[in-house]
1. Look through Leu288, Leu241, Leu218, Leu229 and report the one residue that is closer than 23 Å to Gly113 by Cβ and at pLDDT below 90.
2. Somewhere in the stretch 185-206, is a residue in contact (Cβ under 8 Å) with a residue 40 or more places away in the chain, out of contact with any Leu (no Cβ under 8 Å at 6 or more places or on another chain) and not hydroxyl-bearing (Ser, Thr, Tyr)?
3. Taking Asp5 as the residue in question, decide whether it is assigned to a helix (DSSP H, G or I) and either at pLDDT below 80 or surrounded by 10 or more Cβ atoms within 10 Å (Cβ to Cβ) (or both).
4. Which of (1) crowded, with 19+ Cβ neighbours inside 10 Å; (2) free of Cβ contacts under 8 Å to residues at least 40 places away in the same chain does Ser62 not meet, given it meets every other one?
5. Only one residue in Val143, Val120 is modelled with pLDDT under 90 and either in a helix (DSSP H, G or I) or touching a His at 6+ places or on another chain (Cβ under 7 Å) (or both), so which one is that?
6. Output the residues belonging to the stretch 101-119 that are under 11 Å from Leu166 (Cα atoms) and buried (at least 21 other Cβ atoms within 10 Å of the Cβ).
7. Please work out which residue is farthest from Leu82 (Cα to Cα), limiting yourself to the stretch 261-278 and to residues that are touching a residue at least 12 places away in the same chain (Cβ under 8 Å) and surrounded by fewer than 19 Cβ atoms within 10 Å (Cβ to Cβ).
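The values are calculated or read from the model by the stated rules, or taken from the named source; none is laboratory data. Quick caveat, the model's predicted, so the values are computed rather than measured. Cβ sites come from the backbone with ideal geometry, for glycine too, and all protein chains shown count toward neighbours.
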Amino acid sequence: MASTDTTAAKDGTSLAGLEAGLDALETVQTGRTPFRKTLTRKVLPPVVAVALVLGAWQLLVSSGIADDPATLPAPAAVWGELRASWLQGTLHQYVWTSVSRGLLGFLLALAIGTPLGLLVARVRCVRAAIGPILSGLQALPSVAWVPPAVIWLGLNDRMMYAVILLGAVPSIANGLISGVDQVPPLFLRAGRTLGATGLRSTWHIVMPAALPGYLAGLKQGWAFSWRSLMAAEIIASSPDLGVGLGQLLENGRNTSSMSLVFFSILLILFVGIAIDLLIFSPLERWVLRSRGLLMRN
């Protein structure tokens with residue numbers, strides 16, 4: 001009898017130890033990350049990378065390998081363009097003209113691409129009819145839509161938004177379709193057992209389970225939106241449209257000002273990085289953390 005009690009006690013101790021170990025593995029540290037660790041892991045690496053690029057750029061100019069300003073301007077010349085735009089009060093106008101168009105066009109594409117993706121993913125006959133077309137449209141360069149959009153709609157903001165929609169909607173829809181295809185059938189059967197059918201199944205089961213693929217489609221959709229807008233602004237220029245970043249780049253080409261060209265390219269790159277860091281990266285971290293795939297260090 002004593003041996004049985006001893007064995008039971010040992011088993012209980014082992015189970016308690018195992019539960020404690022599992023609890024420790026599942027525990028997420030919610031404490032605030034020290035500033036020094038944040039500085040060394042997240043801030044310092046990109047700063048060093050930018051410094052190295054600027055150093056190599058300046059070295060090419062100073063060494064005489066690329067000493068022609070018409071080919072490669074010095075970083076100081078590009079900084080001069082930035083300073084002049086800031087002092088003239090036009091810098092924020094260039095950025096806001098393009099960013100406002102890009103974000104509004106992306107939201108319109110989101111409103112169209114999401115229900116379209118769900119419809120294609122959930123209805124077989126619609127998928128057979130539209131699925132290949134969406135894949136083909138996604139592969140089609142966005143710049144190809146600029147000439148017909150100008151002919152159909154004229155040189156106005158509607159033309160810009162049309163080009164953005166044609167570039168972004170297929171990516172958002174295909175991302176959602178891919179996410180829905182990866183939803184385990186067990187989830188759907190469990191939902192039907194609990195009474196989740198139709199729109200309730202889509203809202204409570206399909207969309208949450210397809211969120212990672214949907215988010216990837218959103219990121220790609222924004223990339224297509226931004227590239228489509230830049231193509232439209234470069235090709236279609238009009239005083240009524242204002243000066244966005246794409247038009248600023250084209251102005252640099254027309255005036256053979258490589259410093260203005262590089263300044264425009266850096267602004268376009270900066271906006272793309274900023275949107276990703278401020279919107280999509282936090283969303284991606286939240287999705288991964290909610291699924292236990294990302295631990296706070």
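1. From the options Leu288, Leu241, Leu218, Leu229, the qualifying one is Leu288.
2. no
3. yes
4. (1)
5. Val143
6. Listed by number, the residues that qualify are Gly105, Phe106, Ala109, Gly113.
7. Result: Asp276.
Conditions tested, residue by residue: (1) over 27 Å from Leu137 (Cβ atoms); (2) aliphatic (A, V, I, L, M).
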residue: Thr197; (1), (2): yes, no
residue: Thr202; (1), (2): no, no
residue: Leu218; (1), (2): no, yes
residue: Ala223; (1), (2): no, yes
residue: Met230; (1), (2): no, yes
residue: Gly242; (1), (2): yes, no
residue: Asn254; (1), (2): yes, no
residue: Gly292; (1), (2): yes, no
